[in-house]
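Notes to accompany the following structure.
The values are calculated or read from the model by the stated rules, or taken from the named source; none is laboratory data. Worth saying up front: this structure is predicted, and the values here are computed from it rather than measured. Every residue, glycine among them, receives a Cβ derived from its backbone with ideal geometry; neighbour counts consider all protein chains shown.
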Amino acid sequence: MLSMAGRILRDKPSGSADYKGNKTLKSCHKEFHLNSTDAASYKKQIGKNLSFCDLLFFFIMIKHTHMKRHLELFLVFLKIGAFTFGGGYAMIPLIRNEVVKKKKWLEDDEFMDMLAIAQSMPGPMALNAALFVGNKRLGFKGSLFSGLGVILPSFIIILFIAVIFTQFKDNPVIERIFKGIRPAVVALIAGPLTTLGKAAGITRKNAWIPIIVIIAVWLLKISPVYIVIIAILIGIIHLAYLKQKLKR
Amino acid sequence: MLPLIQHEVVNVHHWISVSDFTSIVAISQTTPGPIAFNSATYIGYTAVSNMGFPIIQGIIGSAVCTLAVSLPSFIIMTAVCSFFFKVKNNQWVRAALLVLKPAIIGLIASAALMLINNANFIDYKSWIIFVVVFIASRKKINPILLILLSGVSGLLLYH
């Protein structure tokens with residue numbers, strides 16, 4: 001039974017760094033190698049012999065090995081999803097607090113990479129950011145957990161409002177609470193800007209970039225999509241220009 | 001994203017009315033989570049129950065809408081992430097990020113500036129909350145705690 005669980009576990013991407021140094025799993029691999037001679041017969045038997053006991057053992061193995069990290073990822077983004085009031089940008093301080101400061105899954109400059117990608121790809125930025133962190137940490141499966149975590153709170157709350165609490169919008173208590181939360185969310189978005197600016201590599205030389213973006217988006221109401229495309233193009237053209245200059 | 005949703009759901013398919021859509025957007029903005037998801041979930045439920053189906057079908061409808069709206073992100077981000085981690089140190093990618101990252105800071109700053117409007121800042125009390133939370137967030141106090149405290153202070157300050 002143990003060896004069969006080993007077979008199942010081996011089919012996972014066991015080469016990745018997440019699985020290294022895991023004693024239980026290692027011993028399981030040993031067990032597998034001892035019995036690996038009759039691996040072909042396992043292939044035939046897997047349909048017949050997958051008993052409840054095997055499955056139970058498999059799930060216990062998962063729970064005590066790498067599944068813990070998946071669960072942690074899920075719970076962190078569940079927390080972030082539950083407290084993000086006011087759209088994608090409001091999620092930035094929360095993700096940074098959990099992922100960079102507390103869990104130290106990303107450095108501040110990697111966090112900026114993440115923001116750049118989450119912003120430039122289609123889809124809600126908050127989900128893109130969650131998927132990036134999940135993918136960075138535990139691959140595709142990780143992104144499934146972080147994505148589900150970030151979606152689930154809003155899904156449950158909206159269903160609650162739609163089905164039961166239909167007077168939500170006109171409730172005076174809710175309105176008073178939100179009068180307090182709305183300016184706080186703006187402050188939370190603005191708060192970490194200087195630290196993030198340093199991580200983004202803003203110095204006196206390139207401070208014109210954010211200033212022009214602010215003028216374009218805030219005053220001229222240009223869509224962020226164009227800003228992202230133009231910024232990428234400027235970066236690439238600049239490098240091409242520098243290369244051309246070096247050749248001469 | 002909202003204009004797109006409105007066009008499809010209200011104008012093309014006639015699943016919900018314009019006034020329904022407006023109140024759905026208003027609620028989506030006040031509840032936690034990305035607005036696109038909130039409105040998708042709500043629209044899924046409203047559209048199905050408008051057709052006269054019971055609650056359970058409505059919940060299934062909202063689940064379908066939420067999954068559908070997040071599917072493109074899943075596919076794109078899975079592809080982009082595996083690609084990005086490989087080419088992260090490529091000079092062209094670095095060159096693009098060199099300009100993109102400061103631009104993103106500009107985008108975040110302009111998002112904050114655009115949110116300073118009459119809907120979010122109604123009187124001097126809003127500004128007091130803003131300044132206090134701004135300073136507190138720079139003192140590395142947990143943002144979730146700050147959101148909870150500002151909700152409580154809103155309850156106490158406004159009548």
*List the pairs whose first member sits in segment A:108-123 and is within 7 Å of another protein chain (Cβ to nearest Cβ), whose second member is of a type in the set (G, A, S) and outside any helix (DSSP H, G or I), and whose Cβ atoms are under 7 Å apart, counting only residues at least 6 apart or on separate chains?*
A:M112/A:A200
_Positions within segment B:26-53 being surrounded by 18 or more Cβ atoms within 10 Å (Cβ to Cβ) and under 22 Å from A:I92 (Cβ atoms), in sequence order_ = B:S28, B:T30, B:T31, B:P32, B:G33, B:P34, B:I35, B:A36, B:F37, B:N38, B:S39, B:A40
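Taking the residues in segment B:112-158 that are small (G, A, S) and within 7 Å of another protein chain (Cβ to nearest Cβ) as candidates, determine which candidate is surrounded by the most Cβ atoms within 10 Å (Cβ to Cβ). It would help to see each step written out before you state the result.
Here is the first cut: in segment B:112-158, the ones small (G, A, S) are B:112, B:119, B:126, B:136-137, B:150-151, B:153-154.
Next, only the ones that are within 7 Å of another protein chain (Cβ to nearest Cβ) stay: B:112, B:126, B:137, B:150-151, B:153-154.
Numbers: B:A112: 21, B:S126: 21, B:S137: 21, B:S150: 28, B:G151: 19, B:S153: 21, B:G154: 23.
Among those that are small (G, A, S) and within 7 Å of another protein chain (Cβ to nearest Cβ), it is B:S150.
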*For segment A:115-122, does any single residue satisfy the condition of being part of a helix (DSSP H, G or I), over 13 Å from the mean Cα position of the chain (by Cα) and more than 28 Å from B:V25 (Cα to Cα)?*
no
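Conditions tested, residue by residue: (1) in contact with a Phe, Trp or Tyr (Cβ under 8 Å, 6 or more places away or on another chain); (2) of a type in the set (F, W, Y); (3) part of a loop (DSSP other than H, G, I, E, B).
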| site | (1), (2), (3) |
| --- | --- |
| B:S28 | yes, no, no |
| B:Y45 | no, yes, no |
| B:P72 | no, no, no |
| B:R94 | no, no, no |
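More than 7 Å from chain A (Cβ to nearest Cβ) and part of a helix (DSSP H, G or I), is that true of B:A79?
Values: more than 7 Å from chain A (Cβ to nearest Cβ): yes; part of a helix (DSSP H, G or I): yes.
It is true that B:A79 is more than 7 Å from chain A (Cβ to nearest Cβ) and part of a helix (DSSP H, G or I).
Table: residues versus (1) at pLDDT below 90; (2) more than 15 Å from A:P210 (Cα to Cα).
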site	(1), (2)
B:C81	yes, yes
B:F84	yes, yes
B:N90	yes, yes
B:G106	no, no
B:I116	yes, yes
B:Y124	no, yes
B:I128	no, yes
B:V131	no, yes
B:A136	no, yes
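Being aliphatic (A, V, I, L, M) and either in contact (Cβ under 8 Å) with a residue 24 or more places away in the chain or touching a His at 6+ places or on another chain (Cβ under 6 Å) (or both) narrows it down to one residue among A:A129, A:A162, A:A184, A:A207; which is it? Don't jump to the end; show me each part of the working.
Values: A:A162 fails: either in contact (Cβ under 8 Å) with a residue 24 or more places away in the chain or touching a His at 6+ places or on another chain (Cβ under 6 Å) (or both); A:A184 fails: either in contact (Cβ under 8 Å) with a residue 24 or more places away in the chain or touching a His at 6+ places or on another chain (Cβ under 6 Å) (or both); A:A207 fails: either in contact (Cβ under 8 Å) with a residue 24 or more places away in the chain or touching a His at 6+ places or on another chain (Cβ under 6 Å) (or both).
Of A:A129, A:A162, A:A184, A:A207, the one residue that is aliphatic (A, V, I, L, M) and either in contact (Cβ under 8 Å) with a residue 24 or more places away in the chain or touching a His at 6+ places or on another chain (Cβ under 6 Å) (or both) is A:A129.
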